[in-house]
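The values are calculated or read from the model by the stated rules, or taken from the named source; none is laboratory data. This structure is a prediction, so every number in the text was calculated from the model and none was measured. Here the Cβ positions follow ideal geometry from the backbone for every residue, glycine too, while neighbour counts run over all protein chains shown. Protein only, heavy atoms only, side chains kept; ligands, DNA and RNA dropped before computing areas. Shrake-Rupley method; radii C 1.70, N 1.55, O 1.52, S 1.80 Å.
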Amino acid sequence: MNKESKTMRWLNERYNLSLIEHIAQEKKVPQFRGSFWYYFGGVSLFLFIVQVVTGILLLMYYQPGAQTAYESVRFIVTKVEFGWLIRSIHSWSANLMILSVIIHMFSVYFTKAFRRPRELTWYSGFLLLALCLTFGFSGYLLPWNTLSYFATKVGTEIVAVVPVIGKPIMEILRNGSDVTTATLTRFYGLHVAVLPAIFTVVLGVHLLFIQVQGISEPESWKDLPESKKNHIPFFPNFVLRDVLLWLIVLNVLAILAVYFPWELGHKADPFAPAPMGIRPEWYFLFMFQSLKFFPAKIFSIDGEVLGISLFGVAGLLWFLVPFWDSKTPKGARNRIANYIGIGVVLYIIVLTAIGAR
Amino acid sequence: MNVTDTGKMSRRTFLDYLLGFGVVAWLAAVLYPIIDYFKVPPQTEPAPSSVIAGSVKDFKPNSGKVFRFGNEPAILVDTPNGKLEAFSAVCTHLQCTVQYRPDMQKIWCACHGGVYDLNGRNISGPPPRPLAEYKVAVKGDEIIVSKS
Amino acid sequence: MKKSLLLLVIPALIGFSNAAAAQTQQKKPVDKCFSCHTDIGDDKVADYTSDVHYKAGVTCADCHGGDPTVEDQDAAMDPKKGYIGIPKPSAIPQVCGKCHGAGKTAFKTNFHLNDVMDQFMSSVHGRALNERSDGPTCISCHGIHNIVEVQNSKSPVYPTNVTKTCAKCHSNPDYMKKFSPGLPVDQYEKYLTSVHGERNKAGDPKPATCVSCHSNHLIRPVKDPRSPVYPTNIPQTCAKCHSNKEYMAGYHIPTDQYANYKESVHGIALLQNSDLSAPACNSCHGNHGAVPPGVSSVASVCGTCHQANADLFDKSVHKEAFARAKLPGCVVCHSNHLVRPPNDAMIGFGTDAVCGKCHKDVPADSAAGAILAIRSTLDSLTNGRKDAETLLSHAEQLGMDVSDASYSLRDVNQSLVEARVQVHLFTAGPVKSAAEPGLKIVAEAQKSALAAVNEYYFRRHGLGVATLIITLLAVLLFLKIRQIERKSRQ
């Protein structure tokens, strides 16, 4: 204790820490039936930190390029001490992170935490999800194995369906007309430099918003007197709970990495025929599966174009939810928005399940 | 230390000590693999299973080029008929590096005069076996050689 | 004109189908061709009276056409009545084929004579005749007006004559190069030096002649897989006689060569795997000059393919020792027709070992040490590889990536092969040094397999330790949280 305070004093002499202290003391987290879902923001943050650490470690050995990408990943997995662990954790953590971010998003949606004054937090969060998906898509190609090669080929091809601008965008994505080493270089640059930079900034803004506005209280508390509201201090109570959960998540990651090591597959061979059953990563599966169900032509419009346009519109509406679900009578729940949310969750689960078969 | 109940205090400090110990142990568990990760691996270069041997423009019939394929030399031959063939450039006799001899139109090893034909078959001299053959594919301008 | 005068005309249309029946019949109407040509002293007619066809009732007009019933020369030899005179060479097969062609029924009891014309036309000789008018025809081998049964020792195709008959053309380079410039012309000469040829020359009709192997009318190119002398057919062709106990009785040689060969590494390669580079009978015995390789030449015969082994053998102590003892080189250990794939068990003093034939596992035999050393070197390499493979597959089953080590094991084979070749020097040193790189790879592979297995358990144990630490920390944290919250509630 003495030591701690000594350090604090030393720091306080040089930097005025009273503000931070103040924030740490003042910040509190509502405690209610649904507060469990509040932890997923923190879990996402933790997984992002894991991604940064393991990602930097992988950078120590990874070499992009047609002749080295696969070989260097293989080298990491087989030759480098604990390389198998780092790589497996990076892959597992990436997937769990996206899962956690999605859960976080739906929990915010259903608790209406996006409403005034937190619209900007929602927008930045949505942007973070989009960045996560881009991270996943670009990172998937980096081991340059058969599955990732063809998944990238198919994934970028879908972009080309969009009229007029689709094809140029696809070519920019691919850095050429086909998925080649040039694509790999481009995705590599995106994955390790561009996306982390943007993500860190957006994440900082996202956290700043939360810090400034405090943690959203549930709808049901609107009419409650202050005394009936049950809070716990953010520090140390909530933080320690967070850390406890992070520890558990870390252990889960380690177990997954040891017992279900992420497979490397075979090296991509651009001349080989596409293997059976190419499908994207699970978080794109519901869109992929939906597009399959679209008829080839609907009223002389290409089915795929229509499908992608619909997903675009749906995504935009989802993004703009603070606009159309903003005004509700005091205390009343907007049931329609909840039903839409439940519908979306069910739709994603069912189509992902069908696609995963 | 203004705690009146000494039992309580000792329990608390005990927990704190344990917690400190746990954190240290945890840090060790996390840092150990990370530090180990930086150890120099046994083989410093990943061995590729395919390599770009060069550009089509750089080759003319009846010529050959030795290039690096992983940790071994390989030879790409543009035969007098203009066909591209690639082999391991390691002589099957005593592991010297072979070369293309335009005058003989054969692959030749300088060490003991072993001769291979343009299909990699050992046709004279001491080599006991043919040269390992690689797959050649041309994509655009690049000649890609791979171990099939 | 003068020649045509010599021919008389007889009713031409005696049914050919009756020709066989006519063998015993009396000449019914007078054959004017025959009578006139007899009168003018034509020696061809005289020849013909001894011809097998004459005895069968085949008339002049049957071959030459025309009308044998009229006296008048012009009328009898009128082309309008089908007279062809001396058949052009290219037409000869058709003339003979009138009776000896496919679908003909002239020979009710001797069917194979029916379709010889068609066989001939699809043979190399038929093709040659198609290409050049001076190519071989029926008469090239069988003669013209004095054809006798094949069994008749006067026939040019009788076993003791047929080789000379073939040699008429096949030993004539000027003639042969018009058709097949690449074909050797020394077959007959070689044949005379062969055991077959020597006996044949001495008048024995049983040893093989040209037709025994090449067949007669339907001779196909050697490269034709249907040819009896195509590599994969040769063993069976030789076996026709050499596996026939009755036929070979009196020659005092074994008849089990084919049965043995079929089971041998060579026979399996050639007959079952159609590996044309595998040796057939002729690869060791020669073909036209077929003789059993003598004791002194066995090693060089085998050495044509097994060069490295033969070279080493020549440098070894056995070369001279075997020669002194009149032992046939390679065959001493590997046998001749029944060459089995060699294995390491052949070395040593066990039941399958061949060394024990001459050597004894006693201190007095100075070779015993080397024999055992060679064997143990090879065994340690093969067993080491087996152990490494077992370990690697165990590691693989545990999900570890050991493909590098598995890949490296492929080079063990080369080392093993080289070591096995070195056995033919019959000293331990070279075998050992050839096996050395293999042993090193095996040791490396075993090491990395063990490392992989250890790594597997290390990962699980490591995870266990990490889980323990994390669980401990989590429990402590939980206690701490409870403590803090209890305190704040106070």
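If you wrap segment C:34-101 in the convex hull of its Cα atoms and look at it from every side, the mean projected area works out to 4.9 nm². At an R0 of 60 angstrom, the distance between the Cβ atoms of C:Cys305 and C:Phe458 translates into a FRET efficiency of 0.70.
Scaling against 2.2 N^0.38 Å puts the C-alpha radius of gyration of the protein assembly as shown at 1.55. Ranked from largest to smallest solvent-accessible area, with a 1.4 Å probe on the protein heavy atoms, A:Glu119, A:Glu226 come out as A:Glu226, A:Glu119.
Normalised by the residues of chain C, what does the relative contact order come to in percent, with Cα pairs under 8 Å and at least six apart? Relative contact order of chain C: 8 percent. Projecting the Cα atoms of C:Val362, C:His242, A:Ile56 onto the charge dipole of the protein assembly as shown (Cβ charges, centred on the Cα centre) puts A:Ile56 farthest toward the positive pole. Apply the a/c threshold of 1.5 to the C-alpha gyration tensor of chain A and tell me whether it is rounded, prolate or oblate. Cα axes put chain A in the oblate bin. Please give, to one decimal in nm, the separation of the simple spin-label points placed at C:Ser35 and A:Ile349, each 7 Å out from Cα toward the Cβ. Modelled inter-label distance: 12.0 nm. What is the distance, in nm, between label points placed 7 Å from the Cα along the Cα-to-Cβ direction at B:Arg121 and at A:Ala337? So the two model labels end up 8.0 nm from each other. Rounded to the nearest 10 degrees, the angle from helix A:119-141 to the longest Cα principal axis of chain A is 30 degrees. Ranking C:Arg199, B:Arg121, B:Arg68, A:Arg357 by solvent-accessible area of protein heavy atoms (1.4 Å probe, all protein chains present), from largest to smallest, gives A:Arg357, B:Arg68, B:Arg121, C:Arg199. As a length-normalised measure over Cα pairs under 8 Å and 6 or more apart, the relative contact order of chain A settles at 25 percent.
For A:Thr200, the solvent-accessible surface computed with a 1.4 Å probe is close to 80 Å², ligands and nucleic acids excluded. Mean per-residue shielding of peptide C:483-489 is 3, counting Cβ atoms of other chains within 10 Å of each Cβ. Straight-line cross-link reach from C:Lys357 at under 15 Å between alpha-carbon atoms covers these aspartates and glutamates, not counting any fewer than eight positions away in the same chain: C:Asp365.
Compute the FRET efficiency between B:Leu19 and B:Ala132 as 1/(1 + (r/R0)^6), taking r as their Cβ-Cβ distance and R0 = 56 Å, and round to the nearest 0.05. Efficiency computed from Cβ-Cβ geometry: 0.40.
Taking label positions 7 Å along the Cα-Cβ direction at both A:Leu320 and C:Asn216, the computed distance is 10.2 nm, reported to one decimal. Across segment A:281-357, how large is the tail of the calculated P(r) beyond 16 Å, expressed as a percent of all Cα pairs? Result for the distance tail: 61 percent.
By the rule of a C-alpha distance below 19 Å, with chain neighbours fewer than 8 residues away ignored, the lysines paired with C:Lys240 are C:Lys206, C:Lys262. Taking all C-alpha pairs of segment B:50-146, those more than 19 Å from each other amount to 33 percent.
Only lysine pairs 8 or more places apart, or on different chains, with alpha-carbon atoms under 23 angstrom apart are counted in segment C:368-489, and they number 5. Per-residue surface analysis assigns C:His170 an accessible area of about 50 Å², computed on protein heavy atoms at 1.4 Å probe radius.
Taking all protein chains as they are arranged and a probe of 1.4 Å, the heavy atoms of C:Val332 leave approximately 20 Å² accessible to solvent.
For chain C, what class follows from the C-alpha gyration tensor (a ≥ b ≥ c being the square roots of its eigenvalues): rounded when a/c is under 1.5, otherwise prolate if a/b is larger than b/c, else oblate? Cα axes put chain C in the prolate bin. Look at the stretch A:252-261: the mean tally of other chain Cβ atoms within 10 Å of its residues' Cβ atoms is 3. A 1.4 Å probe over all protein chains sorts A:Leu240, B:Leu76 by accessible area into A:Leu240, B:Leu76, starting with the largest. Can you give the longest stretch of chain A with no exposed loop site, where a site means chymotrypsin sites (Phe, Trp or Tyr not before Pro) in a DSSP loop (not H, G, I, E or B) with at most 10 other C-beta atoms within 10 Å? Longest run free of exposed loop sites: A:16-270. Shielding value for C:462-468 is 6, the average number of Cβ atoms from other chains within 10 Å of each residue's Cβ.
Rounded if a/c is under 1.5, else prolate if a/b is larger than b/c, else oblate: which is segment C:208-279, with a ≥ b ≥ c the root eigenvalues of its Cα gyration tensor? Cα axes put segment C:208-279 in the oblate bin. Cross-link partners of B:Lys57 among lysines, defined as those whose alpha carbon lies under 30 angstrom from its own and excluding same-chain residues fewer than eight positions apart: A:Lys153, A:Lys267, B:Lys65, B:Lys83, B:Lys106, B:Lys135, B:Lys139, B:Lys147.
Contact order for segment A:281-357, expressed relative to its length and based on alpha carbon pairs under 8 Å spaced 6+ residues apart, stands at 51 percent.
Taking 25 Å as R0, compute the FRET efficiency from the Cβ-Cβ separation of A:Met60 and A:Asn95 and round it to 0.05. Plugging the Cβ-Cβ distance into 1/(1 + (r/R0)^6) gives 0.65. Using only the alpha carbon atoms of segment C:341-439, find the Kirkwood hydrodynamic radius as the inverse mean reciprocal pair distance, in angstroms to one decimal. Evaluated over segment C:341-439, this radius sits at 14.6 Å.
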